[in-house]
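Okay, structure first, notes after.
The values are calculated or read from the model by the stated rules, or taken from the named source; none is laboratory data. Quick caveat, the model's predicted, so the values are computed rather than measured. Reconstructed Cβ throughout: ideal geometry from the backbone, glycine too, with neighbour counts over all protein chains shown.
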Amino acid sequence: MKAYIFDLDGVIVDTAKFHFLAWKKIGEEFGFELTHELNEQLKGVSRVDSLTKILGWAGVSVSSEKFDELATRKNADYLSYVEKMNENDILPGVKTFLEKAKKENIGIALGSASKNARPILQKLGIISYFDVIVDGNDVTKAKPDPEVFVIAAQKLGVDNEKCVVFEDSEAGIQAAKTAGMKAIGIGSPEVLTQADEVFSGFDAILNQ
Ligand code: B16
Ligand code: MG
């Protein structure tokens, strides 16, 4: 048996724009302007690690209580954007690709750093396609550690070498390669240099 493991943000849906807006507001509280360029470094990175980076860029240190309060508030703001999402937010070609994989009896898993992965898949109306969901609630080590993909393969009962990972972040591509899986980059070949193949999106994969 063969399996596909999908990252969420940047692969299935563009939630990065919502993470950006929510983190930008937090940064502004410290007089720090989060740029799109710096935001690239937050892709695939956990909530706690993202806040640590932002506070570092802003040059401030806060108590652990304040840290938790900022992370909680950012997430509430982020979820207010997620709340408005629907099927139309699924990136082009994704649904057709999932349907095709289902028909071909290919195992389907999610391997995301997000602790909000389940409600997002529900809002998009595609949660039923996934045989296995491994998200930020299930892992102790963040990408580039391969833990999230290794757990997904184990839960699917598929050998790592038979898994194909779809990822938009460099850390995620590295995680897939370390796990001995095939890594398909979604994005630009200039950025995802370690990927086995890179496509602009699932429409491009379907049309190859
Ligand atoms: P949450 P992915 C990642 O999702 C995002 O790319 C990253 O920006 C975010 O900080 C992380 O999830 C955690 O998200 O705050 O919802 O737990 O690309 O791994 O699907
Ligand atoms: Mg991603």
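Which of the following residues is buried (at least 21 other Cβ atoms within 10 Å of the Cβ) and either free of Cβ contacts under 8 Å to residues at least 12 places away in the same chain or in contact with a Cys (Cβ under 7 Å, 6 or more places away or on another chain) (or both): ILE5, ILE54, ILE12? Steps first, please.
Values: ILE54 fails: either free of Cβ contacts under 8 Å to residues at least 12 places away in the same chain or in contact with a Cys (Cβ under 7 Å, 6 or more places away or on another chain) (or both); ILE12 fails: either free of Cβ contacts under 8 Å to residues at least 12 places away in the same chain or in contact with a Cys (Cβ under 7 Å, 6 or more places away or on another chain) (or both).
Exactly one residue qualifies, and that residue is ILE5.
One line per residue, one yes/no per condition, for (1) crowded, with 19+ Cβ neighbours inside 10 Å; (2) at pLDDT below 95; (3) away from ligand 2 (no atom under 14 Å from the Cβ):
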{"residue": "LYS95", "(1), (2), (3)": "no, no, yes"}
{"residue": "GLU99", "(1), (2), (3)": "no, no, yes"}
{"residue": "LYS103", "(1), (2), (3)": "no, no, yes"}
{"residue": "GLY107", "(1), (2), (3)": "yes, no, yes"}
{"residue": "ASN116", "(1), (2), (3)": "yes, no, no"}
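Could you tell me whether the range 103-117 includes any residue that is without any contact (Cβ under 8 Å) to a residue 40 or more places away in the chain and assigned by the TED database to the domain that holds ILE184? So that I can check it myself, show each step before the final result.
Initial filter on the range 103-117 (without any contact (Cβ under 8 Å) to a residue 40 or more places away in the chain): 103-104.
Now narrow it down to the ones that are assigned by the TED database to the domain that holds ILE184: 103-104.
Scanning the range 103-117, I find at least one residue that is without any contact (Cβ under 8 Å) to a residue 40 or more places away in the chain and assigned by the TED database to the domain that holds ILE184, so the answer is yes.
Would you mention how many residues in the range 95-122 are more than 13 Å from ligand 1 (Cβ to nearest atom) and either of a type in the set (A, V, I, L, M, F, W, C) or part of a helix (DSSP H, G or I) (or both)?
The number of residues fulfilling the criteria is 12.
Between a first residue in the range 191-202 that is in the same structural domain as GLY10 (by the TED database) and a second residue that is among the polar types (S, T, N, Q) and not in a loop (DSSP other than H, G, I, E, B), which pairs have beta carbons less than 9 Å apart while being 6 or more apart in sequence or on different chains?
That search, which allows pairs on different chains as well, returns GLN194/GLN174; PHE202/THR96.
From the list VAL158, VAL164, pick out the single residue that is farther than 26 Å from LEU79 by Cβ, touching a Lys or Arg at 6+ places or on another chain (Cβ under 6 Å) and in the same structural domain as GLY201 (by the TED database). Explain how you work it out, then say what you get.
Details: VAL158 fails: touching a Lys or Arg at 6+ places or on another chain (Cβ under 6 Å).
That would be VAL164, the only listed residue that is farther than 26 Å from LEU79 by Cβ, touching a Lys or Arg at 6+ places or on another chain (Cβ under 6 Å) and in the same structural domain as GLY201 (by the TED database).
With surrounded by fewer than 19 Cβ atoms within 10 Å (Cβ to Cβ), of a type in the set (Ser, Thr, Tyr), out of contact with any Cys (no Cβ under 7 Å at 6 or more places or on another chain) and within 24 Å of VAL150 (Cβ to Cβ) as the only criterion, which of SER46, SER64 stands out?
Among SER46, SER64, only SER46 is surrounded by fewer than 19 Cβ atoms within 10 Å (Cβ to Cβ), of a type in the set (Ser, Thr, Tyr), out of contact with any Cys (no Cβ under 7 Å at 6 or more places or on another chain) and within 24 Å of VAL150 (Cβ to Cβ).
Report yes if some residue within the range 159-168 is crowded, with 20+ Cβ neighbours inside 10 Å and charged (D, E, K, R); otherwise report no.
Yes, the range 159-168 has at least one match.
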